[in-house]
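Remarks on the structure that follows.
The values are calculated or read from the model by the stated rules, or taken from the named source; none is laboratory data. Being a predicted model, the structure only gives us computed values, none of them experimental. Please note: Cβ atoms are built from the backbone with ideal geometry, for glycine as well, and neighbour counts cover all protein chains shown. Calculation scope for accessible area: heavy atoms of the full protein, side chains included, ligands and nucleic acids excluded. Shrake-Rupley method; radii C 1.70, N 1.55, O 1.52, S 1.80 Å.
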Amino acid sequence: QAHAKVWHLYNEHFRPTQRGKISIALSSHWIKPQRMTEKNIKECQKSLDFVLGWFAKPIFIDGDYPESMRSNLSSLLPEFSEAEKKYIKGTADFFSLSFGATLSFQLLDSHMKFQQLESISLRQLLYWISSEYNNPQIFIVENSWFVSGSTKRDDAKYIYYLKKFITETLKAIRYDGVNVFGYTVWSLLDGFEWHRGYSIRRGLFYVDFQSHDKKLMPKSSVLFYQKLIEKNGFPPLPENQPIEGIFPCGFAWGIVDNYIQVDTTPAQFLDSNVYVWDVHQTKQLIKVDGVLTSKRKRHCVDFAAIRLQISLLQEMHVTHFHFSLKWSLILPLGNLSLINHTLVHYYQCFASELLRVNITPVVALWQPMAENQELPVSLAKYGAWENPDTVQAFVEYAKFCFTSLGDHIKFWITMNEPSVKNLTYTAGHNLLKAHAKTWHLYDKEFRRSQKGKISIALQADWVEPACPFSRNDQEVADRILEFDIGWLAEPVFGNGDYPQVMRAWLHRRNSVDLYNFHLPYFSEDEKKLIQGSFDFFALSHYTTTLVGWEKEDALKYDHYLEVQMINDITWLHSPNRAAVVPWGLRKLLKWIKSKYGDVPIYVMANGIDDDQNMVHDKLRVYYLQNYINEALKAYSLDNVNLQGYFVYSFNDKTAPKYGLYSYVANQYEPKPSMKHYREIIDNKGFPGPETPELLCPEDTALCPECHFFRTRKSLLAFISLIFVAFIVTIFFITYYSKRVERRYK
């Protein structure tokens with residue numbers, strides 16, 4: 001009633017001369033149902049009625065309280081007279097909203113939630129207000145979140161909450177038709193936050209409450225908000241716009257399967273027993289005792305599983321297929337005393353069948369998996385990579401693989417994605433020596449005859465400073481890149497030793513910590529052995545991480561490296577919470593070029609998980625489209641020597657949720673993302689109207705109709721010979737028949 005009287009006072013006596021407008025500022029939360037049932041949805045409506053509708057409905061609708069309040073509170077809720085209802089109704093020139101400043105997350109009275117879930121979705125609240133109150137003009141007069149009271153000036157978490165709220169406001173305007181005409185951040189400076197005291201901060205300016213003069217200092221969020229105002233929102237950045245163009249001839253278009261489906265079940269043709277079919281009674285085959293046929297050699301056609309996998313790869317139009325061998329199964333005892341010849345033959349057949357259909361096999365000798373790191377049990381049992389004996393065991397295993405499979409495989413990976421998160425410094429040290437010795441073994445004994453190439457493949461996700469304006473955050477990002485990528489890359493692709501950043505940081509940590517982080521040293525001979533032991537730079541890339549130096553969230557803070565992991569909540573995320581950040585791949589490729597020179601680069605794995613219930617596969621289609629386009633930018637605009645791109649993964653059977661083929665009821669079905677990837681391959685990228693046509697030598701053999709003839713040249717030659725002989729025979733028969741006929745005439 002007080003608000004209504006003031007509004008009428010202003011409307012009648014001051015508006016004509018002052019020409020202003022006036023409203024009431026209402027705080028609200030947002031609530032979502034625990035489960036999508038009619039009852040829970042009604043409870044959510046009731047929650048909003050009790051918090052926001054209590055004041056909004058009388059003013060913006062009909063001058064009376066919400067019906068849900070009336071039915072629940074009965075006599076506790078005062079009654080308006082008809083005159084009062086008329087007087088209150090319409091006493092607002094706009095809808096003034098406070099969100100996140102007063103009714104902050106989890107501070108709302110629990111009874112007001114009606115057993116539903118509170119959420120920080122400003123966009124949904126704006127849409128609800130627009131729908132509930134006849135699309136009023138909305139002015140957001142207070143909006144923000146809070147950070148820890150210990151956070152000083154690099155308030156990255158505050159920035160990303162601010163970005164989220166303003167982005168959602170923009171979406172509400174652009175996509176939902178909500179009439180929002182203003183936005184205000186809470187608050188200008190840090191202050192006393194009621195019952196939370198000084199334990200949290202909300203300000204754009206930092207206040208040192210312990211100092212005498214309480215000096216104000218701008219935070220990173222000030223610079224963010226300032227630039228946002230200057231740009232009036234989030235205009236598209238030129239560097240993030242897709243480009244048109246194509247990749248060069250010979251570019252490797254690949255797909256990854258960590259471990260191929262191995263089925264060495266003997267074919268029926270290898271069974272030397274003789275059977276009789278009991279057609280009258282059992283309807284089964286009955287073995288005839290004592291009768292055997294002559295045995296024949298195994299042939300690749302005996303492995304039925306190979307044909308299916310090859311046909312799926314052909315359907316995709318890829319040029320390369322990347323998979324890993326199973327060291328633990330090939331040499332179960334970790335040495336040559338016991339060899340699984342059947343499995344080796346299977347790998348030989350698989351590689352030869354790939355080559356037969358013009359798909360290049362890319363094979364990793366070892367890839368760590370959860371159980372025993374995919375090492376032979378005898379090696380895993382006695383220290384795995386911590387044990388120097390594993391180095392020589394790996395070299396012997398590699399030599400056996402080069403000897404047995406090298407005629408079919410010309411593209412080798414020594415170690416595929418060794419996880420630095422699960423690797424000790426000693427294990428990494430031995431792993432690098434094993435890689436280098438294997439590379440030199442191939443270089444000296446096999447390269448000349450087999451004419452292949454070999455390198456190591458590293459996992460390389462991009463790391464971005466959380467605060468783009470913070471020098472401290474940039475230092476943290478640089479440090480994490482060295483620990484995550486440089487640790488194994490610098491010795492091989494750089495100077496033969498570990499990054500200086502690592503040594504300096506560990507020296508500092510060891511001087512203040514009780515425990516000792518020992519990073520081993522290479523001898524001069526070992527440095528020479530390791531440095532340059534590569535033919536190309538192979539990397540796996542999936543996502544981008546934000547890091548900062550301010551400790552904000554203890555659960556995501558790494559005390560060892562003094563780094564805070566931060567999530568940009570406006571980024572698109574997969575069901576497994578992997579961030580979709582295409583520009584991170586381009587930044588990574590540029591970083592590798594600037595650090596290690598013009599080395600040939602292969603993106604050996606790039607992919608995203610999906611929800612297996614989603615039919616349209618839209619997230620992966622978007623992911624592939626944009627990540628490959630960023631790879632094209634790196635190649636075309638940044639002159640990165642990018643020579644190949646591989647999607648992870650082949651199918652859901654071996655990599656659930658990551659496959660381009662789904663696997664249900666023993667059937668493989670192509671997802672829309674597979675067809676989209678195939679289209680990109682066929683187009684060699686993203687050609688535009690002005691893209692010059694590029695005719696590659698292999699283009700003459702790309703049509704599916706040609707495939708049958710292309711892979712059966714010897715058969716075609718034989719058929720051609722028979723056809724020519726047939727024509728010649730017909731000619732001579734006709735010729736001599738006519739001569740005989742003329743003679744008798």
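Quick notes on this structure:
- Checked against (1) touching a helix residue (DSSP H, G or I) at 6+ places or on another chain (Cβ under 8 Å); (2) without any contact (Cβ under 8 Å) to a residue 12 or more places away in the chain, Leu555 meets all criteria but (1).
- Residue under evaluation Trp186, criteria (1) of a type outside the set (Val, Ile, Thr); (2) modelled with pLDDT of 95 or more; (3) within 36 Å of the chain's Cα centre (by Cα), criterion not met: (2)
- Looking only at residues in the range 146-160 that are touching a Phe, Trp or Tyr at 6+ places or on another chain (Cβ under 6 Å) and surrounded by 22 or more Cβ atoms within 10 Å (Cβ to Cβ), the one that is farthest from Leu107 (Cα to Cα) is Ile159.
- Within the range 532-566, the set of residues being surrounded by fewer than 17 Cβ atoms within 10 Å (Cβ to Cβ) and in a loop (DSSP other than H, G, I, E, B) comprises Gly532, Lys551, Asp553, His559, Tyr560, Leu561, Glu562.
- In the range 156-183, the qualifying residues are those that are under 33 Å from the mean Cα position of the chain (by Cα) and small (Gly, Ala, Ser), and the one that is farthest from Ile566 (Cα to Cα) is Gly177.
Listed here are the residues, each with its yes/no results for (1) assigned by the TED database to the domain that holds Lys451; (2) closer than 26 Å to Asn651 by Cβ.
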residue	(1), (2)
Tyr275	no, no
Ser294	no, no
Ser352	yes, yes
Leu365	yes, yes
Trp385	yes, no
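- Of the helices (runs of 4 or more DSSP H) that lie entirely inside the range 304-378, those containing 2 or more residues that are among the aromatic types (Phe, Trp, Tyr) and either under 31 Å from the mean Cα position of the chain (by Cα) or surrounded by 15 or more Cβ atoms within 10 Å (Cβ to Cβ) (or both) span 341-356.
- Condition met for Gly496 (open to solvent by less than 70 Å² (accessible area, probe 1.4 Å) and on the phi > 0 side of the Ramachandran plot): yes
- So Ser148, is it in contact with a strand residue (DSSP E or B) (Cβ under 6 Å, 6 or more places away or on another chain) and touching a residue at least 60 places away in the same chain (Cβ under 8 Å): no
- Single match in Leu107, Leu97 (criterion: open to solvent by less than 40 Å² (accessible area, probe 1.4 Å) and assigned by the TED database to the domain that holds Lys39): Leu97
- Within the range 640-688, the set of residues being in contact with an Asp or Glu (Cβ under 8 Å, 6 or more places away or on another chain), in a loop (DSSP other than H, G, I, E, B) and either of a type outside the set (Lys, Arg) or crowded, with 21+ Cβ neighbours inside 10 Å (or both) comprises Asn641, Ser649, Phe650, Thr654, Ala655, Tyr658, Gly659, Lys671, Pro687, Gly688.
- Scanning the range 629-639 for residues that are without any contact (Cβ under 8 Å) to a residue 60 or more places away in the chain and open to solvent by 60 Å² or more (accessible area, probe 1.4 Å) returns a single hit, Asn639.
- If the condition is being part of a loop (DSSP other than H, G, I, E, B) and not aromatic (Phe, Trp, Tyr), then the range 379-389 contributes Gly383, Asn387, Pro388.
- Residue within the range 597-616 that is out of contact with any strand residue (DSSP E or B) (no Cβ under 8 Å at 6 or more places or on another chain), within 24 Å of Arg479 (Cβ to Cβ) and of a type outside the set (Ser, Thr, Tyr) present: yes
- Of all residues assigned to the range 38-55, none qualifies as being in contact with a Gly (Cβ under 7 Å, 6 or more places away or on another chain) and farther than 26 Å from Phe181 by Cα.
- Residue tally, condition at pLDDT below 95 and in contact with a Phe, Trp or Tyr (Cβ under 6 Å, 6 or more places away or on another chain), over the range 78-114: 3
- Unique residue being among the aliphatic types (A, V, I, L, M) and assigned by the TED database to the domain that holds Pro468 when the list is Ile260, Ile229, Ile243: Ile260
- Residue within the range 223-245 that is touching a Lys or Arg at 6+ places or on another chain (Cβ under 6 Å) and buried (at least 16 other Cβ atoms within 10 Å of the Cβ) present: no
- Of all residues in the range 198-212, those being free of Cβ contacts under 8 Å to residues at least 24 places away in the same chain and open to solvent by 40 Å² or more (accessible area, probe 1.4 Å) number 5.
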